[in-house]
Structures are given as C-alpha cells and as structure tokens.
Amino acid sequence: MSTENEGTAVPPAPSAPPVPVASPEASRPHPTSDAGAPTTPLPPTPSAPPPATPPAPGAAGAAPVSAAEAGWPPPAPSAPPQDPYAGAPQAAHPGHPGGPTAGGGADAPGAWPPPPPATPSYADPGAGAGAGTAEGVGGAGGGSDWGTTYAQHPAPKAGRGRGGLVAAVLVAALAAGGLGGGLGYTLAKNDDTSGSTTVSASDSGGSVKRDPGTVAGVAAKALPSTVTIEAESTNGEGGTGTGFVFDTQGHIVTNNHVVADAVDGGKLTATFPDGKKYNAEVVGHAQGYDVAVIKLKSAPSDLKPLTLGNSDKVAVGDSTIAIGAPFGLSNTVTTGIISAKNRPVASSDGTGSNASYMSALQTDASINPGNSGGPLLDAQGNVIGINSAIQSASSGGLGSTGQAGSIGLGFAIPINQAKYVAQQLIKTGKPVYAKIGASVSLEESAGGAKISDQGSGGTEAVEAGGPAAQAGLKSGDVITKLDDRVIDSGPTLIGEIWTHKPGDKVTLTYERGGKTHTVDLTLGSRTGDS
C-alpha cells in the first residue's frame, strides 16, 4: 500500500433532537357541545359555578354567598406557556443550512439558551484520496515547515434542541449548587458559636506516584533523549522532524526524508526538550530504507541513548507510545496499540524521488507531519520502531499546500531493521541492501511479484550470476511467497527482502505456466542507493 500526508477535518457531531415540551393544551379550557357535555373527558372540575349556598334553616341573618365570593370563577390564568416550536423551525443538523429564525430561535434577543461560542478547527481540510508520502519534511518548491495555523470557524447555531437541554441542565446544576451552598452556609452558621465560619479546601492532593510502566513514567524517561530536528537546504527550504539518541557519541537516528534537504550543504539542528540546541551533520542516509543518522556537533557528555527493543516479538494489541513534533509542536506524546505487523508500505517524500519500502508496524497512535523519525515505544519504554509514514484520506503530498492529519493509520520501520541500517551508516556512511538479483513489476494487481521483462535502463531483468539466476528464476515468473510471508506485489516483496541481511537464506514460492514451484536462495547485497 502507499501512504500520503493529507487529512480531512472531522465535522462536528450532530446535536441531539429537541426534548419534547408538554403541550399547553391540557391547561386550556375545552369547548363543550350544545347539550353541555364535553367532547373529551375532563378532569373532575365542575363545569358550572356552584349555586349560591342558601342559608341553613334556622340560621337567622345568614346572607347568601355569591359565586364570586365562593371563589368561582377562578381568576383568569396568565398567558399560557408559549409553544417552543411555534414561529421557528427546528435547528438544522450541523453542517446543513437552516436553523432558528427570528421570533423564537436561539438568536432572538434575550432568548435562552444563548448560542454556543465558536470553536477552533484546523484550517484547510483536505479531500479525496491518493498515493503519497511519509510525513515530516516539506517537499521541493513548498518552502514551508510543518507549522500550521488555526482558523476560527463558527459552530452551527443551536435551536431548542440539545443546546437547550444542556443549558437547562447547567442552570439546574447551578441552582442546585447555589441551594446546596446556601444550605451548607445556613447549617454552618447555626452551628457556629464564634460568630464566623471559615471553610477551606486542602492545599494538597497527596503525593503523586507515577510507576515506570505508566505512560507518564515512560514519557518522563524517554523525552530527554528525543530531539526536534530542523533541516534547511541551501535555498532556504526545509522542514521539521524528530529523532532520538542512538549512542553516547552523539549519533541521532531519524528518517531519511527528515534530513534530505540538508544533505548537500544545508543546515541541520537538533533541539532537546530542555531547550538546548546543537548543530548537526548527516553521517549517512538510506533513501530506500528511509533511515538516516546524524551526529551532534559538540555533543554533551550526558547523553542517554534510548533502549532498543525487539520488534520481532511485538504482538498485535501491544501498547505503543509515540513521541514527536507534530505540526512543529515539539515533545508531543501520543498513545495507541500495535494494529498490525508486517504491513507492506511504499512511501516517498513527495519530491519525485524513488520510493521507500518497508514491512511496517502499524499503529493507531496519533502520528502527524513532524512525528517522522521519532521513536515508537512499547509499554516499558523500549524503542520498537521509527515513525515514518501515515495513511490519509486526503489527496496531495508532503509538498502540497494542505497537510495530512492522523486517521489512526500510522506506520513505523521495525527497530530490528533500523538498527542494522543505522550501524551500517555509522560504520561506512552508506546503506547496504539485501537483494535477489531480479527486477520486479511495481504494479499492485499482479497477484504477486512478477519478474519484469527487462530491468531498469534496459538491463536484463534477471541479473547474470545473481541469486535469482542461480535459483533458476526467469522473466515472467510470479513470486507469491517469501518464507511464510504472502507476497501480493513487487513493493511487498522488496519490503520483505529488506527486512533481511545479505547472506540470509530464504525460500521463494513462485508460479510459472500455471504451476507452483519452490526454491531456496541466498540473498546478495547492494551498497548505496544508486
């Protein structure tokens, strides 16, 4: 699968339907028929005023009592309650036109509840879908870093629906609070013999202990060993990413696309959470793996490398913690789980360069532009991957005007692979790739990795004397498995091969002429990205 770096804004949740209000009909008098009988049952209320009470026999001087004096008819009631739905339509659902109009809606002067305040949202929501990039660095011609601006979008106006209910609940809560406070004050006053009462809250919530296995404990230990990287090319273009301390000599591991702008004479800096900033230089970078190593100039002596875990032992459902600088917000910590393993991912930096391939760890921890190169940690704080790419529902790429947002599909390079690559870069400055010595189609609908008719630049598709040739593979063969991994495309095969080291022995399953064959071969090696 391919990845990109755009996202779409999430529309506000629709408000709840209005709460029905008791009809005032029950309090209105009902008409009667010509015979005096009501058309509908009425409560046991006399339909006519009671006759004047005659004086009791023998009660001398007793004056008759009039109907008015007897309390009939009852006093005219005040104006009946206004029907909350009369004169104004119901509020439309968020995102749709319509809403209360003058004469009864939430916008009427003095109406309750007042309309809710406007809420901030990210500007420039993307749309559509497409292939794209790993996040973290501005593309060629973009000239922008990963910062972002906020735009105030007015929230949909609320009618007498959920907003009214919430407001009523708040009023009730405030009234209850006032009653409780008044009652408490009264009781305290009645019990007070000194003439004054002082009520104070405790100034301490007790000691807070954060165990090492908690997210807070892991973050507190890992954050001092992460850096925010700023890379700038000679023409002023660049971006922001993340890295982490690899050893005490000042080596920092990150993504290739984070530092790509600074490779040829650009400027590179690394800033720690305590604000200390260091100039740095690129030691080596592997475009195919999307891994790079930089080194701090005048590195401090108290560096604490993060502990590396074992990505082969990670299980789906394991907790994850990601650290990075999403949209330039340094030292951001997010959490999630491992959603999948061995996820084939092809990504690029949006500049038209060759893609990177990985058999990735998938996580739903929130990852955004600027998280690239940062560590993906397990629950014990061990690095299990390098955050590298995100899948997004929006079109565009790293160099586009819109920027991606997390939709819970993030991908990290397994640390077992990244560790090997980093060690090679520190040792020689160049990456070393495992290979089978055959060119494969990059189409994703071939039902496997099909060996091409010819290689790049018109060369032979199967390298003479290479591992594939020695194993008897030919153009047109479709590789469907590598060991126990199902291969559904050329990019998947490349990603799986690159999880191995040169010299590893693997078993390939392939189809030729409708028949399935299996062959063992030893992986060769290629040095450099060219």
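Per the conditions (1) more than 29 Å from Lys313 (Cα to Cα); (2) part of a strand (DSSP E or B), the sole criterion not satisfied by Leu508 is (1).
Taking the stated definitions as given, is Gln249 polar (S, T, N, Q), surrounded by fewer than 24 Cβ atoms within 10 Å (Cβ to Cβ) and under 23 Å from Ala360 (Cα atoms)? No, not satisfied. Entry remark, the stretch 231-246: residues being open to solvent by 10 Å² or more (accessible area, probe 1.4 Å) and closer than 21 Å to Lys304 by Cα number 1 in total.
Yes/no matrix, rows are residues, columns are (1) of a type in the set (Ser, Thr, Tyr); (2) in a strand (DSSP E or B); (3) open to solvent by 30 Å² or more (accessible area, probe 1.4 Å); (4) more than 20 Å from Gly241 (Cα to Cα):
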| site | (1), (2), (3), (4) |
| --- | --- |
| Thr335 | yes, yes, yes, no |
| Lys341 | no, yes, yes, yes |
| Gln362 | no, yes, no, no |
| Ile386 | no, yes, no, no |
| Ala393 | no, no, yes, yes |
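Taking the stretch 257-295 as the range and being open to solvent by 10 Å² or more (accessible area, probe 1.4 Å) and closer than 22 Å to Lys221 by Cα as the test, the residues that pass are Thr271, Phe272, Pro273, Asp274, Gly275, Lys276, Lys277, Tyr278, Lys295. Condition test on Val462, is it among the hydrophobic types (A, V, I, L, M, F, W, C) and crowded, with 17+ Cβ neighbours inside 10 Å? It is true that Val462 is among the hydrophobic types (A, V, I, L, M, F, W, C) and crowded, with 17+ Cβ neighbours inside 10 Å. Only residues that are open to solvent by 70 Å² or more (accessible area, probe 1.4 Å) and either part of a loop (DSSP other than H, G, I, E, B) or of a type in the set (Asp, Glu) (or both): list them for the stretch 471-488, please. Selection gives Lys474, Asp484, Asp488.
Taking the stretch 495-529 as the range and being under 36 Å from the mean Cα position of the chain (by Cα) and among the acidic types (Asp, Glu) as the test, the residues that pass are Glu496, Asp529.
Flag set for Thr226, criterion: closer than 30 Å to Ala355 by Cβ, in contact with a Pro (Cβ under 9 Å, 6 or more places away or on another chain) and not charged (D, E, K, R).
The values are calculated or read from the model by the stated rules, or taken from the named source; none is laboratory data. As the structure is a prediction and not an experimental result, all values here were calculated from the model. Methodologically, a virtual Cβ is constructed for each residue, glycine included, from the backbone with ideal geometry; neighbour enumeration extends over all protein chains shown. Heavy atoms of the whole protein, side chains included, go into the accessibility calculation; ligands, DNA and RNA do not. Shrake-Rupley method; radii C 1.70, N 1.55, O 1.52, S 1.80 Å.
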